[in-house]
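**Student:** I'd like to ask you about the structure that follows.
The values are calculated or read from the model by the stated rules, or taken from the named source; none is laboratory data. Please read these numbers as outputs of a predicted model, since none were measured by experiment. Cβ coordinates were reconstructed from backbone atoms using ideal geometry, including for glycine residues, and neighbour counts include every protein chain displayed. The area values use the complete protein model at the heavy-atom level, side chains included, leaving out ligands, DNA and RNA. Shrake-Rupley method; radii C 1.70, N 1.55, O 1.52, S 1.80 Å.
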Amino acid sequence: MTINIGNNGSVVLDDRSETAGPIEPGDALTDIRDEQLKLIFRALVILGSVALLLSAWRNSIFGWHPTFFINVVVFLGVLGCFLLENRLSFRIRAIVLLSLSLVLGVVALVTWGLMAMAFMGLFVFCMLAALLFGLRAGVAATGVAVIAIAAIGKGVHMGLIRFHFDVAAFMVAPISWAQAVSGLMLTVGIVVVALGRLNRRLVDMIQQMDRRNLQLREANERLMAEIQERDRVEKERRSLEDRLQLAQKMEALGILSGSVAHDLNNVLMGVVSYPDLLLMQLPEDSPMRKMVSVIRNSGMKAAAMVQEMLAMTRRGLASGEVVNLDMILGDFMMSPEMEKIKKFHPDVSFSISMDGGLENINGSSFHLMRVIMNLVSNGAEAMPAGGELVVRTENRLLEQSLEALESIPPGRYATLVVSDTGTGIHSSQVERIFEPFYTKKKLGRSGTGLGMAVVWNVVKDHGGFIDVQTSQGGGTTFTLFFPATTAALTKTDTPCLSQYMGNGESVLVVDDAAEMREIACNMIASLGYEAHAVPSGEAAVRYLKSHRADLVILDMIMGQGMDGLETFKRLRTVRRDQKALITSGFGETERVAEAKALGAGGFLKKPYLVEDLARVMRTILYDGGSGD
């Protein structure tokens, strides 16, 4: 038996086994009864011949009685049905047999009364009716036999029926006992043959049904397995479709973000860098310092928003510094963003628990702090009537895979857990919360719909995993798993501008935007370097053929001609030891990583501060290390 599942989900059982075909109860019962009838006629022919001979012997001794001739007629009827069993239908042969047995029983009862087992004929009549036609026929035959016995008994009582035989002589005659034995053999033989054959066929049917039930159970197990496999494949297909749709959304958003991020960061260079240069020139007691600082800080916040948008689209890769979640969480709890969340949600109590021995991870402090901010903000927003929000960190060792929102492989993890007692999330919406622009937050309280998309993509950029446990009305718990590292924390020294000043070294700025070249040159000159600028990679190659530059600052994305990577490759053909610094409005893309692998000394993301530029330039020029 095989199982076929069609494309539309229909199930087809294909039974082409060489064993017996399907069991039809009606057909099987008819076959059993027909075989029983044939066996009964064979038994009657054999045993009836013996009984007829004994009856003839007895009649020759006591005188010929009319019942003997009736017995002869009955035997001839049985013999005829036996010889014509292949021509006569089952019903005709069965009715003939029942009729003959009834006649034989009535005649025996009328002739011998209660002697010589006269009841046996009527008993055989009832039994045959039940065997050949079923229970109802047996009950009807029993009714007919009872009526016949009652009628004969009434006739004997009224003197209408008289017995003409010597009871004493009958009882002592050996032939009487022989005839009784033959009658018993005939009756019992019919019963034994019929019931034995019936029992054997029933056993065969039960065994066949057991085999078929076993086949059906096996087929059902295979069917269930195939249905489960089909369900699994269907769920996987739907999951892949959902992921594809999400990827398409993210790609569309990435195209939108990428088209504006570079230009926007170029614009922010002026907002951040010029105030930075002004602060270097203003005296400490100048009333203008506060206003200029506000301008610079606003520009840095705008740059952070652009970076968050890039992080959401996974266009800005996480930096490779070694950080600790406890330190990042502590910094966030003291930040203005946390104070703002507390101000908007005065009825929410915040509980922080840090693992003192939390392992380090590789990542970006900036991006991880944005993740914490988004999760805490979402948790507070989910408790409009107040509640408790718990943020904790802990080490986790997974000895085997953990099946959560996604499959988390075994390993050591530093985890961040953010749990609230709020309204919870409906099960149908759990996977949607990471889609961009999906939000139920109030407009004006950071409810842009980008926060959870940022969380997902930052965690993925860090090689991490997310688990979400939630129920409507029961709160929500986000658990973030970050692969742990044994590396030491990255040292972040506070830059001292005086130690990074230049000594007239030549620096070439390559950028297609004139304002970017101007800003960069002003910053470089303020640091004591000799600044030069060209608008394209081709111009930089021509410049180096006739001039020397101790350092080339390359914009990775330029509108016309070669980009930063291709320019760096061409510059290395002119000067094999040429030092370079890559800048971009994006994060460290694959092309930036390739340029660094080819020898570029470092990367600096726009907009950048004077201190950052001074430190990176000094590191590349004199320390021989990476300027990241």
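**Student:** Output wanted: per-residue J couplings in Hz (rounded whole) for the stretch 597-603, from phi through Karplus 6.51 cos²θ - 1.76 cosθ + 1.60, θ = phi - 60°, x for Gly and Pro.
**Tutor:** Karplus-based 3J(HN,Hα) across the stretch 597-603 equals 5, 7, x, 4, x, x, 9 Hz.
**Student:** Also: How much net charge surrounds Val510 when only the other residues with a Cβ under 12 Å from the Cβ of Val510 are counted, with Lys and Arg +1 and Asp and Glu -1?
**Tutor:** For residues surrounding Val510, the net value is -3.
**Student:** Separate question: Taking the mean number of other Cβ atoms within 10 Å as a proxy for protection, how do you rank 518-526, 505-513 from highest to lowest?
**Tutor:** Listed from highest to lowest mean packing, they are 505-513, 518-526.
**Student:** Let me ask something else about it. Return the long-range amide H neighbours of Glu505 (sequence gap of 5 or more, or a different chain), with a cut-off of under 5 Å between placed amide H atoms.
**Tutor:** Glu530
**Student:** Largest first, how would Met300, Met127, Met334, Met269 line up by accessible area (1.4 Å probe)?
**Tutor:** Reading off the accessible areas and sorting them downward yields Met334, Met300, Met127, Met269.
**Student:** Note down the net charge around Ser99, summing +1 for each Lys or Arg and -1 for each Asp or Glu among other residues with Cβ under 15 Å from its Cβ.
**Tutor:** Combined, the nearby Lys, Arg, Asp and Glu give +2.
**Student:** Restricting to Cα pairs below 8 Å that are 6+ residues apart, what does the relative contact order work out to for the stretch 495-555? Please round to a whole percent.
**Tutor:** 45 percent
**Student:** Beta carbons within 10 angstrom, averaged per residue: use that to sort the peptides 456-464, 587-595, 348-356, 366-374, highest first.
**Tutor:** 366-374, 456-464, 587-595, 348-356
**Student:** Looking at this model, which pairs from Lys290/Lys605; Lys290/Lys579; Lys301/Lys343; Lys343/Lys605; Lys569/Lys606; Lys342/Lys460 are more than 27 angstrom apart at the alpha-carbon?
**Tutor:** Beyond 27 Å: Lys290/Lys579; Lys343/Lys605; Lys342/Lys460.
**Student:** Enumerate the amide H contacts of Ala484 below 5 Å, restricted to partners 5 or more residues apart or on another chain; note that Pro and chain-start residues carry no placed amide H.
**Tutor:** HN-HN under 5 Å from Ala484: Arg412, Tyr413, Ala414.
**Student:** Here's a follow-up. Sticking to Cα atoms, compute the Rg of the stretch 511-571 to one decimal and its Dmax as the biggest Cα-Cα distance, whole number, in Å.
**Tutor:** That works out to 11.2, 31 Å for Rg and Dmax.
**Student:** For the stretch 206-215, what does the Karplus curve 6.51 cos²θ - 1.76 cosθ + 1.60, with θ = phi - 60°, yield as ³J(HN,Hα) per residue in whole Hz, taken in order and with x for Gly and Pro?
**Tutor:** Karplus-based 3J(HN,Hα) across the stretch 206-215 equals 5, 5, 5, 5, 4, 4, 5, 5, 4, 4 Hz.
**Student:** Counting other C-beta atoms within 10 Å, and keeping those with at most 10, which DSSP coil chymotrypsin sites (Phe, Trp or Tyr not before Pro) do you find in the stretch 577-610?
**Tutor:** none
**Student:** Over the residues of the stretch 323-410, compute the C-alpha Rg and express it relative to 2.2 N^0.38 Å.
**Tutor:** Dividing the Cα radius of gyration by 2.2 N^0.38 Å gives 1.22.
**Student:** Now, a different point. For the stretch 360-407, place one equal point scatterer on every Cα, skip the solvent, and apply the Debye formula. What is log10 of I(q)/I(0) at q = 0.21, 0.28, 0.30, 0.32 Å⁻¹?
**Tutor:** -1.01, -1.06, -1.07, -1.10
**Student:** Right, here's the next one. Could you work out how far the C-alpha centroid of the stretch 342-365 sits from that of the stretch 215-230, in angstrom?
**Tutor:** Answer, in whole Å: 50.
**Student:** Still on this structure, please answer the following. Just to check I understand the Karplus step: with θ = phi - 60° and J = 6.51 cos²θ - 1.76 cosθ + 1.60, what whole-Hz values come out for the stretch 365-375, glycine and proline as x?
**Tutor:** Here the 3J(HN,Hα) series is 4, 4, 5, 5, 5, 5, 4, 4, 4, 5, 5 Hz.
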